[in-house]
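The structure under discussion appears below in the form of structure tokens.
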There are 2 protein chains.
Amino acid sequence: MDAPLSFETRATDGDARMGRLVTPHGEIATPCFMPVGTGAAVKAMAPDELWGMGYRLVLANAYHLAVRPGPELVHQMGGIARFMGFPGAILTDSGGFQAMSLAKINSIDESGICFRSHLDGQRLVFTPESAIEIQEQLGADIMMSLDECTAYPADAARARSSLELTARWAERSLKARRSAAQALFGIVQGGVYPELRKLSAGQITALGFDGFAVGGLAVGEPKAQMREMAALSAGLLPADKPRYLMGVGTPQDIVAAVAMGYDMFDCVLPTRNARNGSAFTSEGRISIKHARYARDGSPLDPGCDCRACRTFSRGYLRHLYMAGEILAARALTEHNLHFYSRLMRDAQAAISSGTYDAFARGMMAAGPDWEEGPDKATNNVA
Amino acid sequence: MDAPLSFETRATDGDARMGRLVTPHGEIATPCFMPVGTGAAVKAMAPDELWGMGYRLVLANAYHLAVRPGPELVHQMGGIARFMGFPGAILTDSGGFQAMSLAKINSIDESGICFRSHLDGQRLVFTPESAIEIQEQLGADIMMSLDECTAYPADAARARSSLELTARWAERSLKARRSAAQALFGIVQGGVYPELRKLSAGQITALGFDGFAVGGLAVGEPKAQMREMAALSAGLLPADKPRYLMGVGTPQDIVAAVAMGYDMFDCVLPTRNARNGSAFTSEGRISIKHARYARDGSPLDPGCDCRACRTFSRGYLRHLYMAGEILAARALTEHNLHFYSRLMRDAQAAISSGTYDAFARGMMAAGPDWEEGPDKATNNVA
């Protein structure tokens, strides 16, 4: 079949690359960040707002959509992008990560993951084949193969059996695929063990995927270890296919990972933090609930031109947050997603002009408190 | 002092009138509906969205703002319109209604209303003088004098003592006023007793207010009685000042009240109902949670051009509502406020062209189930 996805690199700067993905629902400039639209909506945002901020690719969670409203319904309604009213492309994860983190698992065995829905206790099974079927019904432009996301900590034996299972599931995923219009990515596992990362990358890249993801990071391991594994794994992936670092991360994590050669990112940080009153700004992280902002007439981020920063003062945003107003979640989410969108555009421009190193150093220095915690990478929570 | 508000009638059709209010923060075409921005935000909406729908005047609740964030803070932040980022005008109620309905009242006596905040139990007093001071600090374009909103049911003796107290408070409100840039409206009470409505209207209109409101309706009395009292009261108010029917109401209530000669309305129905999943449409009321909409690909209202109707299907909106997504509240609120905005524009056009009767008959026939209940007017809840 014709390739459902094309990827080209237009410029490189060191290992960093700037390029574009072409999907049936449009082109995406890379490196790109995908806002997380868990249940067919990026929380608090309208699709035209995402589009207006420059987002052309949104992530949705197959697990959440399988549980509610169900893939058949989404299929009947024209597929996930149309269902959401989003004029761009959609990537769905396989559902495995949430099935393991949110649901009550009955068992994981060779066949798949058997669990009970976190909503109503309904018994469900994700197999490599059903995960593909669900994502094909959802109509995702990019699908992910079912993997076993190795928990942290896991000893080497556990990490190895997990990546071997993931490789067998990867082969089954490719065989199960029916749709020629939907791309499918494989996922590299291997925990925090360099040899196992190499083993997994060798197994997964030997298969005919349209792109490759690195999983099992940002699940609680030390930040330095996360970056070491990410850097190692990037170099093991073919240069002509898109590279996706799953669930990462903070602005600094992303800046560092772009330098390693990653092209795609997703993370709940900008949206989840926003709903908790936390904003990413050019001056660092701001917790809007702090009393010091009560009478602050300046915008969240003086250097930002998003709607929230053009319209609202910190004092007003704090009031909205304290009063539990929906507009607080809206304004902070819009600001944070605008921040991430600009970060990616700036990264693309820096790669084009061969100044990525200077850009990265500037970003690392700008916002030391963008980091989630001193030493933990735990962004990867849906 | 110069009049802080001017009002002119540009066309009449029977008792209905089309005109404009001019405030320090711009002009408002009448008859107009004011969205309720309880705590300095119309729930789920951004100010540019309200503006884009044609709203030029928003109501805010002095009670809520007095309790949080406090009138001094709003004053320091440039006044309520600037605080909210709303480029139009703001009317504040006096706070009396919420002090009586939400707070724990310690006492109402000649001096004012003594109560405890519903948020933190803080003891507060609203006097006619403090209610003016609060509203002047908030920087409202239109302020309301403190009244005792007569509860339903109330016997004639109770209703009479209540309206007499309201009249004495009205005089004190006018004396307390300091700002020349802020209009002040008086409020007619009198329960469901025609003679008492006449008595109250005579007392209040004898005072030098910039406009007149009819209060104490839509608080639980039978719908027919509400409309009878509203019609009677409208005829007792001077023709050259704006007439405001407080807390009313359903689309039919408003259509009927415009025919009586009212110019201004407010109600929580479009916003509160939206958050409960209920939409006003040209085909009647829709409760989006109903299973019949799960796979419905049509917009909420095929005759509507609001963003929600241009973007989302009923099936998607139902999914958002069932999943508790903020976007459900946003989309339904935007739709309902768009519906009310168009209703007012259509009413203005019908008055201009001398076709209000036909318009009103059409609206009455179009949406029988817009009504809240068969026989109760209870919209007036903050």
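The values are calculated or read from the model by the stated rules, or taken from the named source; none is laboratory data. The model shown is predicted, which means the values in this text are computed figures rather than measured ones. As a convention, Cβ positions derive from the backbone with ideal geometry for all residues, glycine included, and neighbour counts pool all protein chains shown. Quick note on the areas: whole protein, heavy atoms, side chains included, nothing else; ligands and nucleic acids left out. Shrake-Rupley method; radii C 1.70, N 1.55, O 1.52, S 1.80 Å.
Here are the numbers for this structure:
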{"item": "Using alpha-carbon coordinates, inclination of helix A:251-260 to the longest axis of chain A, degrees", "result": "50 degrees"}
{"item": "Nonlocal amide H pairs with B:T281, under 5 Å, H built at 1.01 Å", "result": "B:I286"}
{"item": "Cα centroid of segment B:157-174 to Cα centroid of segment B:237-286, whole Å", "result": "26 Å"}
{"item": "Length-normalised contact order of segment A:4-58 in % [C-alpha pairs under 8 Å, at least 6 apart]", "result": "25 percent"}
{"item": "Antiparallel %, DSSP beta bridges [both residues in chain A], to 5", "result": "50 percent"}
{"item": "Environment charge of B:E8, counting only residues whose C-beta is closer than 12 Å and scoring Lys/Arg +1, Asp/Glu -1", "result": "+1"}
{"item": "Nearest-first distances (nm) between copies at B:G26, label 7 Å from Cα via Cβ", "result": "3.0"}
{"item": "Equivalent ellipsoid semi-axes - Cα gyration tensor, segment A:67-192, angstrom", "result": "25, 17, 12"}
{"item": "For chain A: relative contact order, % (alpha-carbon pairs under 8 angstrom, 6 or more apart)", "result": "17 percent"}
{"item": "Acute angle (nearest 10 degrees) that the helix A:326-352 long axis makes with the longest principal axis of chain A, alpha-carbon atoms", "result": "70 degrees"}
{"item": "Given charges at beta-carbon only (K, R positive; D, E negative), |dipole| of chain B in Debye", "result": "800 debye"}
{"item": "For B:302-310, mean number of other protein chain Cβ atoms within 10 Å", "result": "1"}
{"item": "C-alpha long axis of helix B:156-176 to longest principal axis of chain B, angle in °", "result": "80 degrees"}
{"item": "Buried accessible area, chains A and B (both chains, 1.4 Å probe, Å² to nearest 100)", "result": "3100 Å²"}
{"item": "Axis-proximal residue, chain A, for the rotation superposing A on B (Cβ, Å)", "result": "A:I326, 3"}
{"item": "Copies compared at B:S353 - label distances in nm, ascending, label defined 7 Å from Cα in the Cβ direction", "result": "5.6"}
{"item": "Cut-off under 5 Å, modelled amide H: who pairs with B:I90 long-range", "result": "B:V58, B:D141, B:I142"}
{"item": "Segment B:141-231, relative contact order [Cα under 8 Å, separation at least 6], %", "result": "32 percent"}
{"item": "Cα principal axis extents for the protein assembly as shown, largest first, Å", "result": "91, 51, 45"}
{"item": "Nearest-20 debye value, segment A:129-196 charge dipole, Cβ charges on Lys, Arg, Asp, Glu", "result": "140 debye"}
{"item": "Ratio of Rg to Rh over segment A:173-213 (Cα coordinates, Kirkwood Rh, two decimals)", "result": "1.06"}
{"item": "Pairs of Cα atoms farther than 22 Å apart, segment B:16-90, %", "result": "22 percent"}
{"item": "Label point 7 Å beyond Cα along the C-beta direction, distances from A:R158 to other copies (nm, shortest first)", "result": "6.8"}
{"item": "Phi-based couplings in Hz for segment B:199-214 (Karplus 6.51, -1.76, 1.60; Gly and Pro marked x)", "result": "4, 5, 4, x, 5, 6, 6, 6, 9, x, 7, 8, x, 10, 10, 10"}
{"item": "Residue among A:L57, A:L232, B:A180 farthest towards the positive dipole end of the protein assembly as shown, charges placed on Cβ", "result": "A:L232"}
{"item": "Amide H within-cut-off set for B:R17, under 5 Å, with H built and near neighbours excluded", "result": "B:G261"}
{"item": "Segment A:200-309: proportion of alpha-carbon pairs further apart than 23 angstrom, %", "result": "42 percent"}
{"item": "Whole-Hz couplings from phi, Karplus 6.51/-1.76/1.60, listed for segment A:91-103; x for Gly and Pro", "result": "10, 10, 7, 7, x, x, 4, 6, 4, 8, 9, 9, 8"}
{"item": "Karplus (6.51, -1.76, 1.60) ³J(HN,Hα), θ = phi - 60°, over segment A:234-239, in Hz, Gly and Pro reported as x", "result": "4, x, 8, 9, x, 6"}
{"item": "Expected 222 nm ellipticity per residue - DSSP helices of 4 or more, -39500 (n - 2.57), all of chain A, to 500", "result": "-12000 deg cm²/dmol"}
{"item": "Accessible area in square angstrom per residue, segment A:1-53, 1.4 angstrom probe", "result": "38 Å²"}
{"item": "Dipole in debye (nearest 20) - segment B:1-131, about Cα centre, beta carbon charges: Lys, Arg +1; Asp, Glu -1", "result": "340 debye"}
